[in-house]
Amino acid sequence: MQHGKYRFIAGFLALPVILYAVFVISPFVQAIYYSFTDWTGLSSDFKMVGFKNYNWLLHDDLFWKAVGHNVVLLLVVPLVTLGLGLFFAFMLNVGGRGRKNSAISGVRGSSLYKVIYFFPQVLSIAIVALLFQFTYNPRNGAINAFLGGIGLESLQQQWLADPKLALWCLMAVMVWSNVGFYVVLFSAGMSSIPKDFYEAALLDGANRIKTFFKITLPLLWDTVQTGWIYMGIIALDAFAVVQIMTVGPGGPADSTQVMGYYVYTKTFHDGQAGRATTIGVAMLIVTLIFAVVVTRLGRRERLEY
């Protein structure tokens, strides 16, 4: 049984490892290499400039403004998205009134609600961004039209044209487009938790809030942690919503500039691909740090059931 085992395993792993190295590892290595050059992105002629691009990056005000916006996205978007996902999933699976055959049940029509919540995932982010761009239109958008229709003209805003509101408008779109996925994901995890746990907790006098923090959340913690990292990567990118929805894009007054769009600007607008890859390397470092921090801070004893 043991004869040729390792050759058998290597035979199955060889092709996936080669594909991963060519299409994932190789672009990272090339990006790091080009970050030390003055490559324009359009010519095969370039020369090594050492750490000049990194020195420029450390002193570039617009880059640090983009980093600040990404940090805000990183703190707000995953927290709100996962929080709403957990709340809705808990209500759909455990939040209903007890029925004749079970003390624990979800709200009525939970299957329909899951389909409704998941619907934004069917749409591409480009379509979602376009829809909300029209919704935020200050002249004939749905939000200002609704506020005007109910007599709240004083609450009408410029939305994407207001530097103080533009980034928050983008965050609302990112939350709306992603929360449905986590409702379904967390619902699947909650459905696998034995109902006996909840029934025993209710018999001991625990309310819904206690059952959530003492039973549901600990048993779903690994899923929540993975979702946090995934949402953090989405928040660190945010390229599509900035490119499609904002003034400039990246405006007004660079109020929605993010690192992902800054890479695009440096490459295709300024013809400075060397500096663009430097920003990409910075994004890689930030992403790795974020993943390590979330993994370390979220580490806890694994619960099995």
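Couple of notes before you dig in:
- Nearby lysines by direct alpha-carbon distance to Lys164 (threshold 27 angstrom, same-chain neighbours under 8 apart not counted): Lys65, Lys266
- For Thr37, residues with placed amide H under 5 Å, excluding near neighbours: Val49
- Sites Leu62 and Val292, calculated FRET efficiency, Cβ-Cβ separation with R0 30 Å, nearest 0.05: 0.65
- Structure-derived Cα Rg over 2.2 N^0.38 Å - corresponding label in [x] 1.57; [y] 1.03; [z] 1.24: [z]
- Hits among lysines - C-alpha to C-alpha of Lys214 under 28 Å, sequence gap 8 or more where chains match: Lys100, Lys114, Lys195
- Burial order of peptide ranges 161-170, 284-293 (average beta-carbon count within 10 Å, highest first): 161-170, 284-293
- Exposure ranking of Thr265, Thr223 by accessible area [1.4 Å probe, largest first]: Thr223, Thr265
- Per-residue SASA entry for Met91, accessible area with 1.4 Å probe, Å² rounded to 10: 70
- Å² of accessible area per residue within the range 237-296, as computed with a 1.4 Å probe and no ligands counted: 40
- Ordered from largest to smallest accessible area (heavy atoms of protein chains, 1.4 Å probe), the residues His69, His59 come out as His59, His69.
- Taking all protein chains together and a 1.4 Å probe, the residues Tyr230, Tyr261, Tyr117 rank Tyr230, Tyr117, Tyr261 from largest to smallest accessible area.
- Solvent accessible area, Å² - Lys114, 1.4 Å probe, full protein context: 60
- Computed FRET value (nearest 0.05) for Asn55 with Phe23, which takes r as the C-beta separation and R₀ as 41 Å: 0.85
- Accessible surface of the chain, 1.4 Å probe: 66 percent of it comes from carbon and sulfur atoms.
- Full-stretch length increase - Val72, Ile285 - with 0.36 nm per residue and alpha-carbon distance subtracted: 75.0 nm
- Length gained on full extension, Ser111 to Asp222: 37.5 nm, using 0.36 nm per residue less the C-alpha separation.
- Computed about the Cα centre, the dipole magnitude for the range 191-305 is approximately 180 debye when only Lys and Arg (+1) and Asp and Glu (-1) carry charge, each at its Cβ.
- Taking 0.36 nm per residue of separation and subtracting the Cα-Cα distance, full extension of the segment from Lys214 to Asp254 would add 10.0 nm.
- Over the residues of the chain, the helix contribution to mean residue ellipticity at 222 nm works out to -20000 deg cm²/dmol, using -39500 (n - 2.57) for each DSSP H run of at least 4.
- Lys, Arg +1 and Asp, Glu -1 on Cβ, resulting dipole of the chain about Cα centre, debye, nearest 20: 940
- Residue-wise HN-Hα coupling along the range 8-25, computed from phi with Karplus coefficients 6.51, -1.76, 1.60 (Hz; x: Gly, Pro): 5, 5, 4, x, 6, 7, 4, 5, x, 5, 4, 4, 5, 5, 6, 9, 10, 5
- Accessible area per residue was computed with a 1.4 Å probe on protein heavy atoms; Tyr20 scores about 130 Å².
The values are calculated or read from the model by the stated rules, or taken from the named source; none is laboratory data. This structure is a prediction, so every number in the text was calculated from the model and none was measured. Glycine gets a Cβ as well: all are built from the backbone with ideal geometry, and neighbour counts include every protein chain shown. Ligands, DNA and RNA are stripped out before the accessible areas are found, and what is left, the full protein with its side chains, is counted by its heavy atoms. Shrake-Rupley method; radii C 1.70, N 1.55, O 1.52, S 1.80 Å.
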